[in-house]
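What follows is one structure encoded as structure tokens, with my remarks underneath.
The values are calculated or read from the model by the stated rules, or taken from the named source; none is laboratory data. Bear in mind that the values here come from a model prediction, so they are computed numbers and not experimental data. Every residue, glycine as well, gets a Cβ built from its backbone with ideal geometry; the counts of neighbours run over all protein chains shown. Just so you know, the surface numbers come from the protein's heavy atoms only, side chains and all, with ligands and any DNA or RNA stripped out. Shrake-Rupley method; radii C 1.70, N 1.55, O 1.52, S 1.80 Å.
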Amino acid sequence: MVVVQVRFLFVLISGTLFFNGGICIDTKKLTKFELSDMNMTVTVGAGYNGRHLEDELNRLGYTLGHYPQSLQSSVVGGWIGPIAIGTFSTKYGKMDDILIALEAVLPTGEILQTTKAPKASQGLNLNYLFLGAEGSTGIVTEATLRIWPKPETRKYMIYTFNTTHDGLGSIRNIMKTGITPAVVRLYDEAEAAPKIKAFGYEDGYALLYLGFEGRKDLVELEMKISDECCIKEGGIFKGDEPGKIWEASRFDTSSYLKILLQPSGIMDTLEVSSSWDKLEEVWFATRNAVSPYAQIIYVHFSHFYLVGGMAYIIFALKSDEDMPKLEKDYRACVKAVLDACLKAGGTISHHHGTGTRKTAWMKEEHGVGFEVMKKIKKLMDPNNIMNPPVLGLGGDKDAGEI
């Protein structure tokens with residue numbers, strides 16, 4: 001019983017596993033730091049800690065704008081592997097938007113350096129051999145990243161909506177205007193409920209957080225346009241207090257740990273995405289898929305684009321000391337969610353990556369593309385030494401029961 005509990009805690013928090021004598025390379029001493037004010041880039045070692053990087057950039061008058069919940073403990077190389085994303089992504093983008101160039105050691109021992117030019121059209125963009133590859137194609141040792149001037153101001157606007165549908169409509173309208181709020185977080189009626197109760201808002205409503213930062217005049221304009229879009233969909237303005245509270249506690253995962261540390265509790269997250277025309281269907285399908293298994297289900301939408309968005313599903317399972325059943329239900333829950341997501345037209349991962357748990361769905365989602373990925377993996381890693389079971393590209397015989 002204890003072994004199973006520790007294993008899930010280990011997987012969910014550390015994200016590090018070994019397969020058949022595999023090794024783990026610690027890159028934390030790779031802390032090169034070169035800032036180019038002219039190019040608005042910073043070149044850093046893959047082991048540079050996220051919090052330390054943002055603090056140093058702030059000291060020099062800049063920001064990366066990349067704030068994953070793991071900011072305090074994650075490193076730059078770890079952001080590239082799954083194509084990570086931060087909570088201010090609508091303005092600053094995902095890692096594939098932020099990354100300009102990289103250096104990597106290939107499985108053959110060769111060292112690859114991609115171009116630092118802002119745009120190149122000669123051949124494939126080799127950054128994408130490592131973005132999303134989760135260490136299966138080589139070891140990233142250095143990255144050149146886009147930076148921004150440190151914002152003059154940061155503001156929040158909070159709205160309630162009669163339905164999640166109305167909230168999504170307002171966000172779609174905002175995205176169509178071409179402005180880019182830094183933070184866009186919509187909590188569906190169920191996840192919003194405790195927040196609604198705490199702030200004394202309308203019972204049963206969805207809740208939208210909008211955050212803006214940058215030049216003061218541009219922030220004011222974005223707030224004005226966003227307010228018009230929200231009011232059009234029936235949004236009720238609630239000031240900024242919840243946004244400030246969220247900002248102060250956004251790296252706090254203690255509520256999740258309380259469940260994980262129970263003798264028979266499992267909590268996990270799945271993040272799926274789709275185009276706008278499928279987003280609500282994906283939301284309904286994944287929420288309904290979780291409900292037969294989980295005692296706690298939260299869903300919010302926290303990353304948006306002109307063409308679509310994503311749903312973030314948090315769920316917790318509990319058992320009366322029946323760990324074998326709990327583990328079985330957990331696996332069944334994950335399968336139900338991912339099956340439902342693909343059937344509804346979504347993608348099985350938006351920014352957490354695939355690892356070994358989601359490999360069974362790779363072929364269904366990518367079709368011929370999955371076979372292309374396997375060929376690339378075999379060409380780059382002929383001896384199959386780099387994370388063979390990850391993504392299912394090098395075979396899954398070593399993965400075991402993940």
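Under the rule a/c < 1.5 gives rounded, and otherwise a/b versus b/c splits prolate from oblate, where does segment 247-355 land using the Cα gyration tensor?
Since a/c reaches 1.5 but b/c is at least a/b, the shape of segment 247-355 is classed as oblate.
About its Cα centre, how strong a charge dipole does segment 90-141 have in debye, to the nearest 20, once Lys and Arg get +1 and Asp and Glu get -1 at the Cβ?
Dipole of segment 90-141, to the nearest 20 debye: 240 debye.
Taking Cα pairs under 8 Å and at least six residues apart, what relative contact order does segment 260-402 come out at, in percent?
Rounded, it is 24 percent for segment 260-402.
Amide H of Ile100: which non-local residues (sequence gap of 5 or more, or other chain) have their own amide H closer than 5 Å, using H built in the peptide plane?
Correct list: Thr144, Leu145, Arg146.
Under 26 Å between alpha carbons, and skipping anything fewer than 8 positions from Lys232 in its own chain: which lysines qualify?
Those lysines meeting the cut-off are Lys91, Lys155, Lys176, Lys195, Lys197, Lys216, Lys224, Lys244, Lys278.
Determine the relative contact order of the chain: mean sequence separation of Cα pairs under 8 Å and six or more apart, normalised by residue count, in whole percent.
Computed over the chain, the figure is 16 percent.
Counting Lys +1, Arg +1, Asp -1, Glu -1, what net charge surrounds Asp166 among other residues with beta carbon under 13 Å of its beta carbon?
Around Asp166, the charge tally is -3.
Add -39500 (n - 2.57) for each DSSP H run of 4 or more in the chain, then divide by its residues: what number comes out at 222 nm, to the nearest 500 deg cm²/dmol?
For the chain, the value works out to -11000 deg cm²/dmol.
Could you tell me the distance between the Cα centroids of segment 174-248 and segment 324-402, to the nearest Å?
35 Å
Can you run phi through the Karplus equation (6.51, -1.76, 1.60; θ = phi - 60°) for segment 144-159 and list ³J(HN,Hα) in whole Hz, with x for Gly and Pro?
Karplus values, whole Hz, x for Gly and Pro: 9, 10, 6, 10, 10, x, 4, x, 5, 8, 9, 10, 10, 9, 10, 9.
Suppose a student asked you for the relative contact order of segment 34-185, using Cα pairs under 8 Å spaced at least 6 residues apart; what percent would you report?
Across segment 34-185, relative contact order equals 29 percent.
By Kyte-Doolittle mean hydropathy of at least -1.0 and Cα axial length of at least 30 Å, which whole DSSP H helices of the chain are selected?
Long hydrophobic helices here: 323-344.
How much accessible area per residue does the chain have, in Å², with a 1.4 Å probe?
Result: 47 Å² per residue.
Determine the dipole magnitude for the chain: charges of +1 sit on the beta-carbon of Lys and Arg, -1 on that of Asp and Glu, nothing else is charged, the reference point is the Cα centre, and the result goes in debye to the nearest 20.
For the chain, the charge dipole is close to 500 debye.
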